[in-house]
1. Quick one: order R82, R171, R117 from most to least accessible surface, probe 1.4 Å.
2. Ignoring any ligand, DNA or RNA, what whole percent of the accessible area of the chain comes from carbon and sulfur when the probe is 1.4 angstrom?
3. Which of the aspartates and glutamates could a cross-linker bridge to K270, judged by Cα under 17 Å and excluding same-chain residues fewer than eight apart?
4. Here is the link list: K120/K181; K120/K361; K120/K351. Which ones come out longer than 21 Å on Cα distance?
5. Tell me, what is the per residue accessible area of the chain in Å², probe radius 1.4 Å?
6. Tell me what the chain gives for mean residue ellipticity at 222 nm when only DSSP H runs of n ≥ 4 count, each as -39,500 (n - 2.57), the sum divided by the residue total, rounded to 500 deg cm²/dmol.
7. Provide Rg and Dmax in Å for the chain, with only Cα atoms included in the calculation.
8. For the chain, calculate the relative contact order in percent as a whole number, restricting contacts to Cα pairs under 8 Å that are 6 or more residues apart.
Amino acid sequence: MQHPAPQHASGRPERQGGRKPKPSTAVVIGGGIAGLVSARELALAGVEVTVLERSPRFGGCVTRHEVGGLTLDAGAESFATRSSVVSDLVAELGLGAELVQPNPAGAWIQLPDGAQRLPKTGVLGIPADLSDPDVVRAIGRRAALRASGDKVMPLGSLLRREQLSLGELVRTRMGDAVLQKLVAPVVGGVYSADPDVLEVDSVMPGLRASVASHGSLTAAVRAIRKAAPAGSNVAGIAGGMGRLTEALLADLKTRHVSLHAGAAATAVTKHDDGWLVESAAGTFSADAVMMAADGGAAVRLLAGTVPGLTGLEPEAGPSVALVTLVVDLPELDAMPRGTGLLVAPSVQNVKAKALTHATAKWPWLADEAGPGSHVLRLSFGRAVGQQGAEDFTGWNDDELYRQALADASSLMGVGIGDDDVVGWKVVRWIGALPSATVGHRDRVAAVRRELAAQTGVDVTGAWLAGTGLVAVVGDARRRARELAARLQPAA
Ligand SMILES: Cc1cc2nc3c(=O)[nH]c(=O)nc-3n(C[C@H](O)[C@H](O)[C@H](O)COP(=O)(O)OP(=O)(O)OC[C@H]3O[C@@H](n4cnc5c(N)ncnc54)[C@H](O)[C@@H]3O)c2cc1C
């Protein structure tokens, strides 16, 4: 195949002669948050950067859309505050004053026998206080007694297992009711995954060591809660998390980063001392490549040059459909289910796995919508194999809307009909939530090992760092800084 003459990655003419050394160049593949953050770090280090994004827009899972006259998040809508990595970035981008905390009313859980408040003292649904009345109400007195066995049971060999799932740890220590009624709904809502397949060391690094040192899971979770910063464990940006993408793009433009949307990378090869990237926007040569596409694309594109990556792509994550309803319904002003509900997989009459009452959760959005107007966001799509899993990829938008109306009525305990709906939209996220399944850490280590042997290339993104903005932003910053440092050794 013939290629047009390669462009310099910055899109600028190469400097000849002169006293200033030519700046290093890099191509970032993937314009999600991992790619945009990497591009910014490289540009900050003086590297000339080009970003190639496959879709017509940047931001990946962090983007906004219009529904019923409101601008709303279409993907991620908050970030965890266990680390300051995201709020630091938000502040650097000039949005520090726009950081907001959600309504402390908290979420509910839908169990087969009704809805109730989610106990507030847990981590990923694992309770830190087994005498909390909300815990006892959710699992029943007998199961609460079984769960409290965790405090006296010897640890045995469980923690010495090389690979341990979150489900197995919770079931062994606290029993099946805690797993099914408290942990599975939360984990399903956050990761769209079954706790039995999630690797504990990937989703909660440090938990295993904490159980070992504190002697029980309850005490370990309590210690994690104590160490967390005061206040809510998530935060957002007034106007929506999509503003992070918009601020990053504005920042990259001031740093003369060359941004190409609708420009899927199709091949990556090593040449001379650098790299050649073929894409829908042309062929780019650069000193370095930062691969920030999803795991499947990353492995496909790099395996030709780094054959050891073959087979190390992650399992495709579940497909998730988000249905946003904007409704005029003053009955919802009373926030009958707090900030929304997580649905236990064993609930039969509801297909959604979670519902966010966004106007109850975010005061800025309630102000924007006005009294009596509400935003409900329902997500569909549990991991294949999980109880209650159903493949929604074959459902058309209208079918999903009808199901969302029925589920929202049942979950909120308020009848919601077509006449109440001001606007609605369906967004599909296909495989956008890679699961950290058992064996994930070994796979990540193998990918890192393969790439360490190469010069001028690194990989970042949720498929390696873990799902969630804290993990993704932290990893992208660290890796891009290291890549830039390798490109520009100290004089
Ligand atoms: C519905 C939903 C809700 C979420 N909610 C939250 C939340 O509230 N809080 C939170 O912390 N996290 C949340 N997450 C998770 C979080 O958004 C993601 O972990 C994070 O945004 C992933 O960023 P990324 O850049 O690694 O991947 P992505 O956002 O998937 O970006 C990868 C990009 O690479 C591009 N690409 C792929 N192949 C190519 C190619 N060949 N050439 C060029 N580009 C390519 C893709 O088009 C995409 O834009 C949510 C995710 C989803 C799907």
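1. Values: R82 160, R171 80, R117 120 Å².
Listed by decreasing accessible area, they come as R82, R117, R171.
2. Details: 10790 of 20660 Å².
Ligands and nucleic acids excluded, carbon and sulfur reach 52 percent.
3. Straight-distance partners of K270: E278, D287, E450, D458.
4. Details: K120/K181 14 Å; K120/K361 15 Å; K120/K351 25 Å.
Distance filter (> 21 Å) returns K120/K351.
5. Numbers: 20660 Å² over 491 residues.
Value returned for the chain: 42 Å² of accessible area per residue.
6. Value at 222 nm, helices only: -9500 deg cm²/dmol.
7. So, for the chain, Rg and Dmax equal 23.6, 80 Å respectively.
8. Details: 1025 pairs, mean separation 115.7, N = 491.
Relative contact order for the chain comes out at 24 percent.
The values are calculated or read from the model by the stated rules, or taken from the named source; none is laboratory data. Just so we're clear, the structure is a prediction, and the values are computed from it rather than from any experiment. All Cβ positions, glycine included, derive from the backbone under ideal geometry; neighbour counts span all protein chains shown. Accessible surface is based on the protein model in full, side chains and every heavy atom, while ligands, DNA and RNA are left aside. Shrake-Rupley method; radii C 1.70, N 1.55, O 1.52, S 1.80 Å.
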